[in-house]
Protein chains: 2
Amino acid sequence: MNEAEMKVARLRADDVIYKYLPEEAGYPSTVISAINYSVKAGGKRIRPIFMYETFRMFGGEGEVIEPFMAAIEMIHNYSLVHDDLEAMDNDEFRRGRKTTHVIYGEGMAVLAGDGLLNMAFETALKAFDVKGANKNQVIRALKYLSEKSGLYGMLGGQACDVDAEQKKKEIDLQELMYIHENKTGALIQAAMVIGAILAGASDEETDKLSQVALLVGTAFQIEDDILDVEGDEKLIGKRVGSDVKNNKTTYVTIKGIPEAKKDAKEMSDQAIRIFDEIGKENGFLRELIISMIGRTN
Amino acid sequence: MNEAEMKVARLRADDVIYKYLPEEAGYPSTVISAINYSVKAGGKRIRPIFMYETFRMFGGEGEVIEPFMAAIEMIHNYSLVHDDLEAMDNDEFRRGRKTTHVIYGEGMAVLAGDGLLNMAFETALKAFDVKGANKNQVIRALKYLSEKSGLYGMLGGQACDVDAEQKKKEIDLQELMYIHENKTGALIQAAMVIGAILAGASDEETDKLSQVALLVGTAFQIEDDILDVEGDEKLIGKRVGSDVKNNKTTYVTIKGIPEAKKDAKEMSDQAIRIFDEIGKENGFLRELIISMIGRTN
């Protein structure tokens with residue numbers, strides 16, 4: 001992975017996202033600060049980068065992609081703010097900074113997350129105003145976004161995860177895969193497929209991308225389970241062993257480390273195979289996919 | 001107010017809303033139950049009724065209004081689920097039933113609210129699929145909905161309210177009006193203006209409706225402040241005097257009961273005056289506006 005190229009991509013994503021954040025002036029000041037605090041905490045901006053690079057790969061041009069890049073990062077961020085709540089994971093730190101609820105209080109963090117989710121759709125709808133925007137493509141992209149972030153996408157995966165933890169329920173591989181595919185995979189799918197839709201890709205191409213994204217998201221999550229056992233705390237930026245401590249069912253507890261690594265590798269290879277079948281060129285995106293799911297090798 | 005007519009309107013709204021609720025089958029089961037529990041708790045369905053009646057007043061026909069009727073009730077319901085959280089008002093009962101977080105736990109209630117908000121947009125987007133839908137009108141309606149529910153609408157009002165309570169801050173009349181106009185007024189505006197947009201009303205007409213709705217929402221909220229002091233617990237369905245107990249600044253604590261009543265009456269009269277200026281006939285809607293802001297007279 002070319003670090004300099006990655007940095008350029010991240011800064012480009014930051015620029016776009018920041019453009020759509022609320023101005024800190026007038027009412028409702030506290031929740032605006034909380035929203036900006038949470039989004040400006042940084043992060044890899046993986047989803048908007050995936051979206052942009054897929055858009056470019058299919059020859060997409062112009063600014064119609066930008067509201068969607070900001071929107072998907074807002075959705076990702078709202079999910080982090082709510083996941084970190086006392087009522088959920090009760091995490092006090094993220095990316096080396098105090099989490100939103102620690103700074104602004106639990107109630108205001110709930111509202112900041114709500115505000116981000118609402119703003120994501122408000123922002124994505126601005127794509128209709130971009131000169132030359134294809135209305136039907138924007139409508140398809142909006143629908144895809146709302147599906148993949150909702151009950152039968154990210155939120156559904158997260159809800160099953162929370163449910164299993166609250167009930168201290170043993171989950172089987174089928175349910176774990178459902179959680180991984182939705183909690184992580186769905187938003188990566190949204191990123192890549194929306195990039196493709198807005199560039200005018202064919203249904204066959206978006207189908208393939210959706211498979212690639214699901215494999216990437218799932219493999220990424222399995223690697224996360226592996227890193228929880230054998231990662232370097234400094235490198236991954238959070239405490240190692242927290243899944244074990246919380247008695248959490250993970251891909252590793254079900255299949256063991258060697259099998260988990262083998263499966264992640266297979267998914268990664270399959271993702272690249274399908275990606276290459278599409279027959280479009282984006283070396284950076286290809287590298288990005290490989291690097292995302294090769295973190296433990 | 002004709003109670004029988006009101007009941008018909010409410011049942012019609014219920015029918016529409018229920019059509020868009022998630023089926024209780026398969027993943028993610030618990031959050032789906034929580035969502036359906038909260039929406040099926042009942043309620044007056046004031047917002048979808050206002051929307052439908054305004055749509056009809058401008059000669060609107062067909063089903064394009066239905067996804068928006070369901071969406072606005074989902075947004076209203078998500079705000080109730082989150083308002084009731086321990087982290088917010090910590091209310092254990094609503095409409096005579098235990099609140100969502102009491103039954104499903106705080107974390108699951110956060111997710112149920114998130115799911116409802118996301119589903120609201122997912123549902124409203126289905127208006128594009130209705131046969132004969134005017135795409136440009138649907139786009140305008142979607143934008144209006146997302147603005148009025150968000151940071152510069154309902155959520156902004158709610159955030160200022162929570163902020164003032166958390167900081168035990170004295171608020172002045174200007175901030176109180178901001179809270180009332182947004183926390184309550186904005187979603188009534190969304191209801192009426194979206195009904196009008198989807199029926200092809202002119203900009204002048206939607207401007208007037210937006211004023212009517214703001215007056216109705218604000219007067220309604222002032223009456224709520226009055227009822228908190230002198231209402232009948234059985235009739236209003238919640239504890240009287242909770243604002244006083246919580247030392248909360250309300251329209252009544254700032255202006256006193258007689259002045260508050262006078263102002264609410266004036267807003268109500270003005271709302272009806274502007275409504276009549278539009279020059280369209282809907283006796284039921286007119287009655288509804290009068291009844292909503294005449295509860296203490």
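Computed from the coordinates by the stated procedures, all read-outs in this text should not be read as laboratory data. It should be emphasised that the depicted structure is a prediction, and the values quoted were computed from it without experimental measurement. Here the Cβ positions follow ideal geometry from the backbone for every residue, glycine too, while neighbour counts run over all protein chains shown.
A few notes on this one:
- J(HN,Hα) series, the stretch A:156-161, from Karplus relation 6.51 cos²θ - 1.76 cosθ + 1.60, nearest Hz, glycine and proline x: x, x, 5, 5, 5, 5
- Taken about its Cα centre, chain A carries a charge dipole of about 420 debye when Lys and Arg each add +1 at the Cβ and Asp and Glu each add -1 at the Cβ.
- Residue among B:Asp276, B:Asp161, B:Asp224 with the largest mean-square fluctuation in a Gaussian network model of chain B, springs linking Cα atoms under 10 Å: B:Asp276
- Here the 3J(HN,Hα) profile of the stretch A:122-137, calculated from phi with Karplus coefficients 6.51, -1.76 and 1.60 at θ = phi - 60°, is 4, 6, 4, 5, 5, 4, 4, 7, 6, 4, x, 5, 8, 4, 5, 5 Hz, Gly and Pro shown as x.
- Under-5 Å amide H pairs with B:Phe93, H placed in peptide plane, nonlocal only: B:Thr99
- Helices in chain B, meaning DSSP H runs of at least 4 residues, each add -39500 (n - 2.57). Divided by all residues, the mean residue ellipticity at 222 nm is -22000 deg cm²/dmol.
- Net length gained if the chain between B:Glu63 and B:Asn90 were fully extended (0.36 nm per residue, minus Cα distance): 5.9 nm
- Label-point separation in nm, B:Asn136 to A:Glu287, each point 7 Å along Cα→Cβ: 4.6
- Net charge of neighbours whose Cβ lies under 14 Å from the Cβ of B:Arg140, counting Lys and Arg as +1 and Asp and Glu as -1: -1
- Shortest-first nm distances, B:Gln270 label point to equivalent points in other copies (7 Å, Cα→Cβ): 6.4
- Relative exposure of A:Lys131, B:Lys7, A:Lys248, judged by other C-beta atoms within 10 Å (fewest first): A:Lys131, B:Lys7, A:Lys248
- Across the stretch B:78-83, coupling constants 3J(HN,Hα) worked out from phi with the 6.51/-1.76/1.60 Karplus curve, θ = phi - 60°, read 4, 5, 5, 4, 6, 4 Hz, and Gly and Pro carry x.
- Shape category assigned to the protein assembly as shown from the gyration tensor of Cα positions, a/c cut at 1.5: prolate
- Gyration tensor (alpha-carbon) shape descriptor, the stretch B:54-185, a/c threshold 1.5: oblate
- Shape of the stretch A:72-133, Cα gyration tensor, a/c cut at 1.5: prolate
- With a 10 Å cut-off around each Cβ of B:98-107, the average count of Cβ atoms from other chains is 3.
- Overall Cα dimensions of chain A - principal axes, largest extent first, Å: 52, 51, 36
- Once C-alpha pairs closer than 8 Å and six or more residues apart are averaged by separation and normalised to the residue number of the stretch A:4-152, the relative contact order reads 26 percent.
- Label point of B:Asp129 (7 Å along Cα→beta-carbon): distances to the other copies' equivalent points are 2.9 nm, sorted ascending.
- Computed from label points 7 Å out along Cα-Cβ, the spacing between A:Lys168 and B:Glu230 is 5.5 nm.
- Label-to-label distances for A:Pro258 across copies, nearest first, come out at 8.9 nm, using points 7 Å from Cα in the beta-carbon direction.
- Ranked for footprinting exposure by Cβ neighbours inside 10 Å, fewest first, B:Val8, A:Val162 give B:Val8, A:Val162.
- Sorted by Cβ density within 10 Å, fewest first, the residues B:Lys255, B:Lys135, A:Lys183: B:Lys135, B:Lys255, A:Lys183
- Part-to-part distance (alpha-carbon centres) for the stretch A:1-74 and the stretch A:152-177, which is given in Å: 29
- Computed label-point distance, nm, for sites A:Asp207 and A:Lys19 using a 7 Å Cα→Cβ extension: 3.4
- Loop-exposed GluC sites (Glu not before Pro) per DSSP, neighbour cap 16 Cβ within 10 angstrom, longest uninterrupted part of chain A: A:171-280
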